[in-house]
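The values are calculated or read from the model by the stated rules, or taken from the named source; none is laboratory data. Note that the structure is a prediction, hence the values are computed from the model and not measured. Note that each Cβ is placed from the backbone with ideal geometry, even for glycine, and that neighbours are counted across all protein chains shown. Calculation scope for accessible area: heavy atoms of the full protein, side chains included, ligands and nucleic acids excluded. Shrake-Rupley method; radii C 1.70, N 1.55, O 1.52, S 1.80 Å.
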Amino acid sequence: MKRTLLVFGMTLLACCTVLAQRLPGGATPEHYTLSFNINFSTNTFEGDETIALKLDKPSKTITLNAVEIDFHEVTVTAGGHTQTATVSGDEKNEMATFTVADEIPAGAATVHIKYTGHLNDKLRGLYLSTYNGRKYAVSQMEATDARVAFPSFDEPSYKATFDITAIVDKGDTAISNNEIVSDTPGPGDKHTIKFATSPKMSSYLVALTVGDWKCAHDEVDGIKLGVCAVPGKENLTHFPLEATKAILHYYNDYYGIKYPLAKLDQIAVPDFQAGAMENWGAIIYRETALLIDDKTASFGSKNGVADVIAHEVAHQWFGDLVTAAWWDDIWLNEGFATWMTPHPIAAWKPEWLVSQDVVENSMNALATDAVKNTRPIHQEATSRNEIDSLFDGIAYGKTAAVLHMLESYLGHETFRAGVNLYLKEHAYGNATASDFWNAMARAANKPVDQIMPTFVMQAGEPFIAVDVKCANGNTTLALSQKRYFNTPEAFNAPNDQLWQVPVCAKGIGGSNSQSQCFLLTERQQSFTLKGCSKFVFPNAGALGYYRFEYDTDALHQLGAAADPGLTPDERIALVGDEWALMRAGKHQVGSYLALGAQFKETPGYVLLDNFSGHLDFINRYLVNDADRPEFQAWLRQTFSPMMQQLGYAARPSDSPTERQKRSVLFEMLGNIANDPQVIQQSETLVQQYMKDPQSVDGTLSRAVVAVAARHGSPELYAQFKAQLKNTKSPEQYYRYFYALGEFPQPALIQQTQDSTLTSEVRNQDLYMLPRMMNNPTAETMTWDFMRQHYDELSKKTGGGLGGLGIFLYATQGFCDQQKAEQVQQFFQAHPFPGTERNQKEALEGIDSCISLRTQQQSNLASWLKQNAPANASIEKGSASATSAR
């Protein structure tokens, strides 16, 4: 992008890879009056802005943030004296400075700005979205893009109130943070919509969407609810409205602080880079994250939509009411919303077994945190890329997992009291990490302020070794801690990190089945567990944020007693921990396969789903071609009876999780085990589904389309392309859209890749490319394509971390030295300042996979020789390394 420095009357242009440094201070905004006159004919908007602020001391200058703004006139008024300001730009730091001739006195002042902004194609600031030949204006201000829509003090600590006005074309409407207070004709053939004053909030929460929105309405607890979409999709709003009613009512009760606005709108927009954004009173979503066809939707889609709604509505308190003072504590927004998400869903839909999702998310967080190049939850950040990179699995997943552990340790009501104290003390203001744990410590009267810093301020996760001895009717637990890493080299290296870990344990097959919790604060400590048993499970409740080592022989001897002795949640944690022990070189892959198979019938679907994902990894990276027939035969022998028992058609008595389990088995057997019967069923069912989506269970249909594509023909590819034009919901559209990347034929792979460079694939959907690399046939072709077309892809994504994201994601599937060298060369050619840690993490992931294959491939071959069926010698041609990771 062309860059020019801003001078009065000129434009500040800045690529989103530049730095976004802190403002110098000295001025504090109190109120913004903003007017946006939207011009779709030129893809611009005319801005008229007045900022009421206070100066700390006399000054001739006021500095704020501004990017891609054409300034026309700036005046500063104080003490009855109005001056015209000159404007100078600091492109590197995304700032503009207004300078006047006479010193502005300390105290109240107003800045009036007339400017032109641009409806850009980068999905940031106030940007352009299109659908069915119509144009829409959509806002996305987080983290540092309010400055793209209006000159502002664009840091989270500068909270102010906002009066927003939108001047829009006839036939269009506008939605913003608060209610409409007036809608009057003019100017010209437009009409002017004014909104009520917002609460005091950060600039990144300002929302504005303009277009011919169609909305469905309801209410809960006296709060007006709206779910809005483009024309033709308003029929997909019933489920999100019902979910929002249940979720918002739960939060109003839980927090003891009622949602403070009169309305809550949720808008599904055609183009959106993230999943959703929590603007206060006007949450904006990608269509797939909000809209549901009740007749054909899968359980996964309903669960996903409810999850996103619960997360974003939780932000109305965590992030909007109380906001992190700076982005280094963004976990106070994102991690809290992630922690809170399962609570209202569990109350609304107990049959969804949401507690298993909580354990799964904790397992995922532990996996993310198990590398050398992870980061602490609290992470310093200054540049735009550094800030954007903090919105990751650590901020969301690890924080939520640590909070679930703390909630379990303190007790639900004690934890709730601490959360509500924190919210009340900082309502309409900003908070830091210490603000949270100090409030929790006072409410709980426990050393939360000592526990939390060990998890928040240092990177990594604890590994707890457990030595168990029974004497005199009691069990002595000798616990020791060190840091866990997912490679033997790093795991076995000296490390002096310590945590304060709430460890909960229970016995199985004896007299001490009640959970007891201890606080491990030293390198080694001993605790007494009442009673004796055959096996001590060192993560009772499965909510501990730590890895643990247990006696494998004792577990194997325990056998069937573990089924009633361990809850489904605990089994998920146990099998997940076995995978971690194998990664660290302490156990062998065969032990993991045996343990996962032992618990395959666990109620719910989460354990099976996680196991299936690891089976796919094993098939792709640890099984050699000579042993693949035995591995696939073992899979069919182990899981085909479950598939036959469930059947290929849903039964009225099936629970949502049973339907999901059927889908997991279908895809595992079809795309990992190459089960001929399942592949044949996919060919029949996919034709049924294309003719009548209601004829195939919505949850199974996802797996049907995936398996049919992986084994599909060019004729089926053409059918999928045709279906894209006739789908009735976003879920159906993306089911076919992403399946196009699963076909095995090189010509079809190339056709799909080429489409990403055209308007056929929206900018927001370029993640299709790294997803294609889950298709082994497409992996190398897609990586080569992405590197060859870097400039075009970067332009479509808007550059910066958003552009780098598809490349970082693409590298996650590599497991060989040649690819590692190519990735390193790519990062050297495209350095992306501020993302150095992310790049190191990507390379570490490849090295870790190579290391695991070296350690475990021969172990796996030996295990298969002993455990695969005797008739496993099938034709080589049918034992290809297909998988659907």
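Values as computed for the structure displayed
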| quantity | calculated |
| --- | --- |
| Solvent exposure of segment 171-315 as accessible area per residue, Å², 1.4 Å probe | 30 |
| For segment 341-399, convex hull volume per residue from C-alpha positions, Å³ | 85 |
| Per-peptide average of other Cβ atoms within 10 Å, ordering 297-308, 349-360 highest first | 297-308, 349-360 |
| The chain: angle of helix 698-710 to the longest principal axis, Cα-based, in degrees nearest 10 | 80 |
| Under 5 Å, built H, 5+ apart or other chain: amide partners of L529 | T475, T476, L477 |
| Farthest positive-ward along the chain dipole, Cα basis, beta-carbon charges - from N279, Q856, P447 | Q856 |
| Average projected area [Cα convex hull, segment 579-642], square nanometres | 4.4 |
| Whole-number D in µm² s⁻¹ for the chain, Kirkwood Cα-pair radius fed into Stokes-Einstein, 10 °C, 1.306 mPa s | 55 |
| Cα long-axis angle, helix 817-829 against the chain (0 to 90 degrees, to the nearest 10) | 10 |
| Rg in Å to one decimal, and Dmax rounded to a whole Å, for segment 634-779 via C-alpha atoms | 15.3, 46 |
| Unsatisfied cross-links (Cα-Cα over 29 Å) in the set K586/K840; K258/K661; K200/K796 | K258/K661; K200/K796 |
| Carbon plus sulfur fraction of accessible area for segment 283-325, probe 1.4 Å, in percent | 46 |
| Cα-based Rg and Dmax for segment 406-549, where Dmax is the largest Cα-Cα distance (Å) | 17.1, 57 |
| Karplus-derived 3J(HN,Hα), 6.51/-1.76/1.60, for each residue of segment 382-397, Hz, glycine and proline x | 10, 6, 4, 5, 4, 5, 4, 6, 6, 7, 9, x, 6, 4, 7, x |
| Leading residue at positive end of dipole, segment 122-262 (Cβ point charges), from V227, H217, V168 | V168 |
| Three principal axis lengths of segment 305-462 [C-alpha, angstrom, descending] | 43, 33, 29 |
| Shape call, segment 569-691: gyration tensor on alpha carbons, a/c limit 1.5 | oblate |
| Assigned charges on the beta-carbon of Lys, Arg, Asp, Glu; the chain dipole about Cα centre (debye) | 940 |
| Under 5 Å, built H, 5+ apart or other chain: amide partners of I284 | I267, M277, N279 |
| Karplus-derived HN-Hα couplings along segment 446-459 (A = 6.51, B = -1.76, C = 1.60, θ = phi - 60°), whole Hz, x at Gly and Pro | 9, x, 4, 5, 9, 6, 4, x, 5, 9, 8, 9, 10, 7 |
| Accessible carbon and sulfur surface of segment 521-668 relative to its total accessible area, %, 1.4 Å | 48 |
| Volume of the Cα convex hull of segment 743-832, divided per residue and given in Å³ | 84 |
| Long-range amide H partners of T323 with built H, under 5 Å | G429, N430, A431 |
| Farthest positive-ward along segment 412-507 dipole, Cα basis, beta-carbon charges - from N420, A431, T475 | T475 |
| Karplus-derived 3J(HN,Hα), 6.51/-1.76/1.60, for each residue of segment 168-180, Hz, glycine and proline x | 9, 5, 4, x, 9, 10, 9, 10, 9, 5, 10, 5, 6 |
| Largest-first ordering by accessible area, 1.4 Å probe, given options M690, M668 | M690, M668 |
| DSSP beta bridge pairing in the chain, given as percent antiparallel to the nearest 5 | 80 |
| Which listed pairs, of K263/K721; K224/K424; K446/K600; K122/K725; K60/K159; K92/K214, have C-alpha distances above 32 Å, in listed order | K263/K721; K446/K600; K92/K214 |
| Where segment 683-798 is the region considered: accessible area per residue in Å², 1.4 Å probe | 40 |
| Prolate/oblate/rounded label for segment 149-245 (Cα gyration tensor, a/c 1.5) | oblate |
| Charge dipole magnitude, Cβ of K and R +1, D and E -1 - segment 768-839, Cα centre, debye nearest 20 | 220 |
| Convex hull projection area averaged over all views, segment 13-107, Cα basis, nm² | 6.8 |
| Mean accessible surface per residue for segment 380-529, computed with a 1.4 Å probe while every protein chain stays in place, in Å² | 39 |
| Among beta bridges that DSSP assigns inside segment 188-290, antiparallel share in %, nearest 5 | 45 |
| Of all accessible heavy-atom area on segment 110-156, the percent that carbon and sulfur account for (1.4 Å) | 48 |
| Overall Cα dimensions of segment 602-673, principal axis frame, Å, largest first | 43, 20, 17 |
| Computed [θ] at 222 nm, deg cm²/dmol, the chain (DSSP H ≥ 4; -39,500 (n - 2.57); rounded to nearest 500) | -12000 deg cm²/dmol |
| Sorted largest first, extent of segment 192-249 alpha carbons per principal axis (Å) | 31, 29, 20 |
| Estimated dipole of segment 319-477 in Debye, rounded to 20 [Cβ of Lys and Arg +1, of Asp and Glu -1, Cα centre] | 380 |
| Within straight-line cross-link reach of K795, aspartates and glutamates at Cα separation under 17 Å, skipping those fewer than 8 residues along the same chain | E68, D121, D271, D754, E760, D765 |
